[in-house]
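Trainee: One structure, pasted below without further comment.
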Amino acid sequence: MDAVERLARAHSRWVEAQREAAGLVAAASHPGAPADWAEGYRWATRMASIALEWVVEKNDPLHPVIFKQQDEYRKFIVDNPDLNYHFCVLDPAETYRLSGNRGEAPYVGFTFGTDIFHWGSAGAEPTGTLTQCHLDQFQRAADGDFEIVLSATSHPGNWIKLEPRTQHLAVRETFTDKRRQRPAVLRIERLGRPLPAPQLTPEDFAGKLELAASFMLFVVRTCIAMWVGSAGTVNQFAGGPGSARVEAQDDEVDTHCNTEMVYMGGRWKLEPGQALRVRIDPPKRPFTYWGLVLVNPWAESYDYRFAETCTNNARARRDADGAWRIVIAPTNPGVPNWPDTGGRLEGQMLLRWVLADRPPLPTCELATLR
């Protein structure tokens, strides 16, 4: 097969994968509101964009780049608007220097995991998070500057071991007020012998484009299945520690949880004139963060550029008994702690806790809007 034929075949597969993604959206189960349809087709194009950037453009561990993985326009499997997500592919045979400045977010977590681009084709070996830590566990200068060596062999000073099969670093920079808290500065460089600039070959590009197609379709199918699965937890929360999901190895996506977090989620569903009251009680011991986000059937947060579609322990008003009470409603109920659903009557909700010891599940009750 010559180069042109190889590239044409890969490109044809990429185009076909986008048609297949659109077909999956068209056949998916969801509430059927016009916004859900529009967001579904837009989401399919966003998944294509994400797959190209992650798998094709920035998938070179010998010339690494750490990049902001998600934003207001590209969201991935229940994004949290309170976070800056950063990502970088790695090779455990190489040595890297991660450096920068801590910033002001309450939590900057480092998750090192196995290959996500081959989701759906993993073998018998365990997948998911291999190493979990956070920036405050390492020495930093008075101004917040830091350097950490990432390698398979020990180094003096700040060092994180790269376990065999490490494919990436995912950073979850978690804010309580993203508009006011200064973000981290993150840089990564490969150490060791100099390498020539990468040269794109037909086989390399074709292989990555085909991989991007399969990755995109896996994510699309996964998010659609998540909505279907949420039917078992309507107007209630279920979940537990990320570490338990990694250990269970029941789900190829769940195994990539941050093991310093606790995840609790479900589906909320209302009739016209109703609201869902959610009570969040604090754990017995101090914790760093909780954040509640509402998401659509495609596992995207609602548009948070123009409305408050999420809340957290710092922004939500706390009652005298120590609990937070959140009111999910399609219109402003005239009480504190209202995440805006944009008029929707049904969606998904996810509560994340950071560095929290056995937080209780929230309780929910339906109420009539006045």
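Trainee: Could you check how much of the accessible area of segment 236-370 is carbon and sulfur, as a whole percent, using a 1.4 Å probe?
Mentor: 48 percent
Trainee: Right, another one. Do any chymotrypsin sites (Phe, Trp or Tyr not before Pro) in segment 282-324 lie in a DSSP loop with no more than 10 other beta carbon atoms within 10 Å, and if so, which?
Mentor: Loop-located and lightly packed - Phe306.
Trainee: Whole number in Å², please: accessible area per residue of the chain, 1.4 Å probe, ligands, DNA and RNA not counted.
Mentor: So the chain comes to 45 Å² accessible per residue, rounded to a whole number.
Trainee: In segment 1-84, which chymotrypsin sites (Phe, Trp or Tyr not before Pro) are in a loop and have at most 10 other Cβ atoms within 10 Å, using DSSP for the loop call?
Mentor: Tyr73
Trainee: Oh, and also: Could you grab the relative contact order for segment 130-187? Cα pairs under 8 Å, six or more apart, rounded to a whole percent.
Mentor: In percent, rounded to a whole number, it is 21.
Trainee: Which whole number in µm²/s is D for segment 197-247 by Stokes-Einstein, with the Kirkwood Rh taken over Cα pairs at 4 °C and 1.567 mPa s?
Mentor: It diffuses with D of about 89 µm²/s by this estimate.
Trainee: Can you return the lysines within cross-link range of Lys68? Criterion is Cα-Cα under 18 Å, with same-chain partners fewer than 8 residues away left out.
Mentor: Qualifying lysines at Cα under 18 Å: Lys58, Lys178.
Trainee: Of all accessible surface on segment 84-178 at a 1.4 Å probe, what whole percent is carbon and sulfur?
Mentor: On segment 84-178, the fraction of accessible area on carbon and sulfur atoms equals 49 percent.
Trainee: Where in segment 1-85 are there GluC sites (Glu not before Pro) that are in a DSSP coil and have at most 14 other Cβ atoms within 10 angstrom of their Cβ?
Mentor: Qualifying residues, ordered by number: Glu72.
Trainee: Whole Å is fine, so just give me how far the alpha carbon centre of segment 137-167 lies from that of segment 90-131.
Mentor: For segment 137-167 versus segment 90-131, the Cα centre distance is 13 Å.
Trainee: Identify all aspartates and glutamates with a Cα-Cα distance to Lys161 below 13 Å; exclude those on the same chain that are fewer than 8 residues away in sequence.
Mentor: Within the straight-line cut-off, Lys161 pairs with Asp91, Glu94.
Trainee: Mean residue ellipticity at 222 nm from the helices of the chain, using -39,500 (n - 2.57) per DSSP H segment of n ≥ 4 over the full residue count, to the nearest 500 deg cm²/dmol?
Mentor: -7000 deg cm²/dmol
Trainee: From largest accessible area down, sort Val15, Val220; use a 1.4 Å probe on the protein chains.
Mentor: Ranking Val15, Val220 by accessible area, largest first, yields Val15, Val220.
Trainee: Cα axis of helix 34-51 to longest principal axis of the chain: angle in degrees, 0 to 90, nearest 10?
Mentor: Long axis of 34-51 versus the principal axis of the chain: about 20 degrees.
Trainee: Still on this structure, please answer the following. Give me D for segment 206-293 in µm² s⁻¹, whole number, from Stokes-Einstein with Rh from the Kirkwood sum over alpha-carbon pairs, 4 °C and 1.567 mPa s.
Mentor: Roughly 82 µm²/s, to the nearest whole number.
Trainee: Put one equal scatterer on each alpha carbon of segment 255-335, apply the Debye formula with no solvent term, and list log10 I(q)/I(0) at q = 0.16, 0.21 1/Å to two decimals.
Mentor: Normalising to I(0) and taking log10 leaves -0.76, -1.26.
Trainee: Students often forget the sequence filter, so: which aspartates and glutamates lie under 12 Å Cα-Cα from Lys284 once same-chain residues fewer than 8 apart are removed?
Mentor: Asp357
The values are calculated or read from the model by the stated rules, or taken from the named source; none is laboratory data. Since this is a predicted model, take the numbers as computed values, not measurements. Glycine also receives a Cβ, built like all others from the backbone with ideal geometry; neighbour counts cover every protein chain displayed. Side chains included, ligands, DNA and RNA excluded: accessible areas come from the protein's heavy atoms. Shrake-Rupley method; radii C 1.70, N 1.55, O 1.52, S 1.80 Å.
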